[in-house]
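Just below is one structure, and these are the notes that go with it.
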Amino acid sequence: MITQFAQDVLSGLSATPKTLSSKYFYDEKGDRIFQKIMNLEEYYLTKCEYEILETHQHQIRDLFMEGTSKFNLVEFGAGDGFKTKVLLECFLNADVDFRYRPIDISGNVLQILEESLEEEFPSLKVEGIQNEYMKALRELENGGTRNVVLFLGSNIGNFKHSQAVTFLKGLYEGLNEGDLLFIGFDLKKDPEVILDAYNDKSGVTRDFNLNLLNRINRELKGNFDLSAFRHFPTYDPLTGTTTSYLVSTKAQTVEIMDTAVEFDPWEAIHMEISQKYSMKDIESLATQVGFSIVRNFYDAKRYFVNSVWRK
Ligand code: AVI
């Protein structure tokens, strides 16, 4: 049986323009490279969001607790929980009554996270949900306990506008009146700062993109020559969209599962978008989906915002 990955790769590479989905970046090696990205000098996003959580943890706690005695803290794509641990520690220190429910499609990711949380915070109530985000929503509490959903890291930025709206509408439908969404957006800023974040000098982001070609070679019997593709990110300050391409430096034929994919010289594969927002963009997105914005938390440079939305 042909996997969803194989189907998506073959249809993406036979389309015009050629495209691959960035959701496939995250195999084991991709996860490791992304960890490196988050530690890069140029990649300000993680540092800014960490600063927001550190600086405003008490106000965030008070907001989550406003008008209720307990809540479920649900997280989409928790990863290693590095940033979330700031909040978890703050809530535990204040004896807040809450349960942490990280959601991830990978059982392995959840298990590693749960083990590290048990070691660091033995009194924390953790109950992971292994499922796709939208399906996991059906497992959420609707017995009166508030759900607070964390969607950190500007992960929303990897969706096109229409996908972001569909995703947030699905989330809205899955929540109860009064539930909260705590969501991270990367803000529009000096285009050079943005471009550098996706074009680091040490080439880690290039390797992150090329790793998907490697994954195709490994898992789909491909024969991409990685040295014949160049990483090329762009940023359009009008739309706020960062787009990453891999550009074929010559005419070449790549075989994937016995299918030939032809590249013209300098033909590009669209790899990823990372959308940057203005506060107006964020307000209109929240309104379009039906949420009301309760509060916005910024880092000192105003590079990033964590916006709190209520259903
Ligand atoms: C996961 N996501 C928010 C990252 C971003 O900034 O778009 C993925 C990434 N791609 C290149 N560098 C980081």
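The values are calculated or read from the model by the stated rules, or taken from the named source; none is laboratory data. Because the structure is predicted, anything quoted here is derived from the model rather than measured. Please note: Cβ atoms are built from the backbone with ideal geometry, for glycine as well, and neighbour counts cover all protein chains shown. Areas reflect the complete protein model, heavy atoms only, side chains present, ligands, DNA and RNA absent. Shrake-Rupley method; radii C 1.70, N 1.55, O 1.52, S 1.80 Å.
Observations on the structure shown:
- Relative contact order (%) - criterion: Cα under 8 Å, at least six apart; region: the chain: 21
- Protein heavy-atom accessible surface, 1.4 Å probe, per residue over region 1-94: 49 Å².
- Dipole magnitude (debye, nearest 20) for region 1-139, charges at Cβ of Lys, Arg, Asp, Glu: 540
- In order through region 290-297: 3J(HN,Hα) via Karplus (6.51 cos²θ - 1.76 cosθ + 1.60), integer Hz, x for Gly, Pro: x, 7, 10, 7, 8, 6, 10, 10
- Shape category assigned to region 97-202 from the gyration tensor of Cα positions, a/c cut at 1.5: oblate
- Counted charge near I256, where neighbours are those whose Cβ lies closer than 11 Å (Asp, Glu -1; Lys, Arg +1): -2
- Under 16 Å from the Cα of K160 - aspartates and glutamates, other chains or at least 8 residues apart: D186, D236, E272, D281
- Alpha-carbon centroid distance for the pair region 98-115 / region 3-59, whole angstrom: 18
- Percent RCO, i.e. relative contact order, over region 143-201, from Cα pairs under 8 Å lying at least 6 residues apart: 52
- Heavy atoms of D104: accessible area, 1.4 Å probe, square angstrom to 10: 20
- Against the main long axis of the alpha-carbon atoms of the chain, helix 204-219 sits at an angle near 70°.
- For region 116-234: relative contact order, % (alpha-carbon pairs under 8 angstrom, 6 or more apart): 22
- Three-way shape call for region 72-147 based on the alpha-carbon gyration tensor, with the a/c threshold at 1.5: oblate
- Entries of K188/K221; K169/K221; K83/K311; K36/K169; K29/K280 with Cα pairs more than 29 Å apart: K188/K221; K169/K221; K36/K169; K29/K280
- For the chain, alpha-carbon Rg relative to the globular expectation (2.2 N^0.38 Å, N residues): 1.04
- Residues M271, M1 ordered from highest to lowest accessible area at a 1.4 Å probe: M1, M271.
- Surrounding net charge for P17, when Lys and Arg each add one and Asp and Glu each subtract one, Cβ distance under 14 Å: -3
- For the chain, calculated [θ]222 nm from helices alone, where every DSSP H run of n ≥ 4 adds -39500 (n - 2.57): -12000 deg cm²/dmol
- If R0 equals 35 Å, the separation of the Cβ atoms of A251 and K23 corresponds to a calculated FRET efficiency of about 0.75.
- Think of the chain as having a plus end and a minus end, set by charges on the Cβ of Lys, Arg, Asp and Glu; of Y100, S154, A164, A164 sits farthest toward the positive end of this dipole.
- Inter-label distance, nm, simple model (7 Å from Cα along the C-beta direction), N176/M134: 2.3
- Rounded to the nearest 20 debye, the dipole size of the chain about its Cα centre is 620 debye, using +1 on the Cβ of Lys and Arg and -1 on the Cβ of Asp and Glu.
- Other residues with beta-carbon under 14 Å from the beta-carbon of I194 carry, at +1 per Lys or Arg and -1 per Asp or Glu, a net charge of -3.
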